[in-house]
Every structure is written in C-alpha cells, then in structure tokens.
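The next block holds one structure in the form of structure tokens; read it before the comments.
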Amino acid sequence: MKYCSTRGQEKGLSFQQVLFAGYAKDLGLYMPEEVPVLQKEELQGLSGYSYTELVCEVARRFIDKAEIPTVELQELIKNSLHRFRIPEVVRIEKLNGGLNIVELFHGTTLAFKDLGLEVVCALLNYFLTRSGHHVTVLVGTSGDTGSAAIEGVRGRTNMDIVVLLPKGRCTLIQELQMTTVMEDNVHVYRVEGTSDDLDQPIKQCFSDSQLVASHGLISVNSINWGRIMVQIAHYFYLYFQLCEKVGSPVEVVIPTGACGNITAGCLAQRMGLPITLVAGVNTNNIVARTLDGGDFSVQGNVVTSLAPAMDIQIPYNVERLMYLYADGDTNRVKKVR
C-alpha cells in the first residue's frame, strides 16, 4: 500500500512515512493511493470477528507486511487496547425503535479518541524502537484529543508531547486530565483563542521543513492517517453487530467536528460496507453547509457548546472527503479554498 497527498505533489509514500508526517509538503493530507475493496464473501468471513480482530484486519490492508509482520501487528494492536474498561472494547446499547448507541467511551480518558490514539502511539513506538529516534508530538486540542494523546505518549522515552489547549474552552474534566499528568515527557500549555485558532500556528510549524526535521515534529491530530485508518474498524464492527445479514444496509449517524470519523466511515463504504452516513453537527455547522450547498466559508467565531470536540469552523478532514468524492482528482481538490 502506498500513499499520496490530496493535493498531488507527493506519491508513493509508505505507511511509516505518512504516520510520522503531519501535513504533506503541499499542505494536503495523506490518503491511500487505492482503497482495498472487500467482496461479500470476505465481509461474511469477518462478520464474527471481535473489535480488536477487526482493527487488525483493517490495519493489515493498509500496512505492508514488509513494514510490520502480521504477528507483530496483531500483538501491537492487542496490547494497545488492553487498558479499556470492558473486554469487548466497544459496546453497542440497543434502544427502542431500532435505535442503537455505539459506545466508544470505555478507554482511559472516556473519549472515543482513545481508540485511535492508543493504536497510533503504539505504532509510532514500534518504528521508533527499531530506529532509535526521538520525536516531539505537537497537538492542538479542544479537549479530548489532548488527553487521549497524552495517555498514549506518557512515560515513553522516545516521545515528548506538547499540547496546546484553548483557555476556557475545554471541559473541566478534560483540562484536569491534561494538566495533572506529572510525566517528564508531557508538556501542556493554555493559550488564547479557539481550537481552530490553534490549528493555524501548528500548520505553520508543519509547513517549515527545517523546523520539523530539527525537532522531529509529528502530529497525532486527525490529520494523521493512522487515526483515520483505525477508525475504519468502528464501522466494520458496528455493521456486523447490527446488520440483519451481511449485505443489508445500516444507517449510521456520526457526531461530526473535524470530519475524521466520518472520513473513516466513507472509506469503510468504499471498502464495501453497505452503510449510509449522516453527519450530525451543532451550531458550528460548516460541514452541513458544505454538504448541503457547497458553502465551505467560515462564518463568524466558533460558538462554544456542550460538545467542545464539535466546536470547529475549519474541519480539515473535509479535504479528504473532497478527495474521495472527486475520485482522487487532486486538481479539483486544490481549487477549493
């Protein structure tokens, strides 16, 4: 499997290369050059798998065996998910009227991002242990990404993490999760502005190749392809748990902020899952305006809500969605500003 930028400047990159990269050199985001498609027989064969096994199966299709052998990949993923509070990792609560809730909050920080970040940090550690290198993880957060990333990195000798959180815009619990970790490799700073405001200087940092190289800067925000890859497994697991039979459709409603999770859902669709996706947004509705009427403009300031992770006016993973629905036409993606 090789990877490319959504804006076309880079092609033929390995999984390891994109895992350790933030934005691409042309400031696009990395995507697989091809999306593997599973036939109905293959889906049927996966239908009885556990969540952890499905993460392994999804990851195997996006990581070449030459980079991580299968046995080592399975062990890495299994170990990275062992701290979850329930053995099944993800639980589905069935309600009345055919409504089901997929519980993604059984990780260390009680946020769904534990699922992706525990695996991504374990993958980073795998490659760093082999190379002997050290990196600095730079994270901007509205709350849940920061605390989940800290849990994935804390105590590791080959990684430091710098977290920027917007003053007064995280929940108290999430702020305490970030600011009370007493590890030498964890550095947390409150800054003025919103989470979108944080993204701009962070993007500038990653656009400076000399700065990135000299400090070993990497990102584990959802610009990181590894996060998207792991989240694809959510959809396979919920589909197999809820479908009447393999091949029957399932509708999934996704609380949407930066569009990382719904991007994973779109990739699961492309891989062959018969799912319908609905993006749920709050007052910060740029995603709804984009999908409904092609309006990708920022309108006013971010409005604070009870769901800080959704308080976003610049959902950077929309670029990945555009790339998918433009069938990989990078020229069309580059025209969107």
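Here, each number is a calculation from the coordinates, and none is a lab measurement. Predicted model only: the values in this text are computed from it and were never measured. Quick reminder, even Gly has a Cβ in these numbers, built from the backbone with ideal geometry, and neighbours come from all protein chains shown.
For a quick protection proxy, order the peptides 298-307, 118-127, 69-78, 48-57 by their average other-Cβ count within 10 Å, most packed first. Could you put the intermediate results ahead of the total?
On the way: 298-307: 12.6, 118-127: 22.5, 69-78: 14.9, 48-57: 18.9.
Going from most to least packed, we get 118-127, 48-57, 69-78, 298-307.
Taking the Cα atoms of the stretch 1-105, what is the range of coordinates along each of the three principal axes, in descending order and whole Å?
Principal extents (largest minus smallest coordinate, Cα): 49, 34, 32 Å.
By DSSP, what percent of the beta bridges with both residues in the stretch 72-173 are antiparallel, rounded to the nearest 5?
Numbers: 4 of 10 bridges.
Restricted to the stretch 72-173, the bridges split so that about 40 percent are antiparallel.
Using only Cα atoms, locate the centre of the stretch 286-337 and the centre of the stretch 197-239, then give the distance between them in Å, rounded to an integer.
Going from one Cα centre to the other spans 17 Å.
Using the Cα centre of the chain as the reference point, and only Cβ charges (+1 on K/R, -1 on D/E), how large is the resulting charge dipole? Debye, rounded to the nearest 20.
Details: 30 positive and 36 negative charges, 59 e Å.
Charge dipole, the chain, about its Cα centre: 280 debye, nearest 20.
Which residues among the stretch 56-92 fall inside the zone where the amide N is under 11 Å from a point 7 Å beyond the Cα of Q39, along Cα→Cβ?
Answer for this model: none.
What distance in nm lies between label points placed 7 Å from Cα along the C-beta direction at L95 and M1?
If labels sit at L95 and M1, their model points lie 3.3 nm apart.
For a quick size check, give me the Cα extents of the chain along its three principal axes, largest first, whole Å.
Rounded to whole Å, the extents work out to 50, 47, 42 Å.
Based on the mean of other Cβ atoms within 10 Å per residue, sort peptides 203-209, 170-176, 219-225, 281-287 so the most packed one is first.
On the way: 203-209: 14.4, 170-176: 16.3, 219-225: 24.4, 281-287: 19.1.
Most protected by this proxy first, the peptides run 219-225, 281-287, 170-176, 203-209.
Hey, any idea what the orientation-averaged projected area of the convex hull of the stretch 175-298's Cα atoms comes to, in nm²?
10.9
Just want the ordering: T179, T145, T194, from fewest to most Cβ atoms lying within 10 Å of their own Cβ.
Values: T179 18, T145 28, T194 23.
Sorted ascending by nearby Cβ count, the order is T179, T194, T145.
Can you compute the modelled spin-label distance between D184 and S14, with each label point 7 Å from Cα toward Cβ, in nm?
Label at D184, label at S14, 3.1 nm between them.
In the stretch 50-114, if the dipole is taken from +1 on Lys/Arg beta carbons and -1 on Asp/Glu beta carbons about the Cα centre, which of V55, L104, L73 is farthest to the positive end?
Going by the Cα projections, it comes out as L104.
When the helix-only estimate is applied to the chain (DSSP H runs of n ≥ 4, each -39,500 (n - 2.57), divided by the residue count), what is the mean residue ellipticity at 222 nm, nearest 500 deg cm²/dmol? It would help to have the intermediate numbers written out before the result.
Values: 14 runs with 142 residues, N = 337.
That comes out to -12500 deg cm²/dmol.
When you count, for each residue, the other Cβ atoms within 10 Å and take the mean per peptide, how do 87-100, 20-33 rank with the highest first? Kindly include the intermediate steps, with their values, before the conclusion.
Working: 87-100: 12.4, 20-33: 20.1.
Highest-to-lowest ranking by the protection proxy: 20-33, 87-100.
Output the DSSP H helices from the chain with an along-axis C-alpha extent of no less than 20 Å and a mean Kyte-Doolittle hydropathy no less than 0.5.
Numbers: long enough: 113-131 (27 Å, 0.65); 225-242 (27 Å, 0.57).
Span-like helices in the chain: 113-131, 225-242.
If you take every DSSP beta bridge whose two residues both sit in the chain, what share of them, in percent to the nearest 5, is antiparallel? Can you show the working numbers first?
Values: 8 of 29 bridges.
Given both bridge residues lie in the chain, the antiparallel proportion sits at roughly 30 percent.
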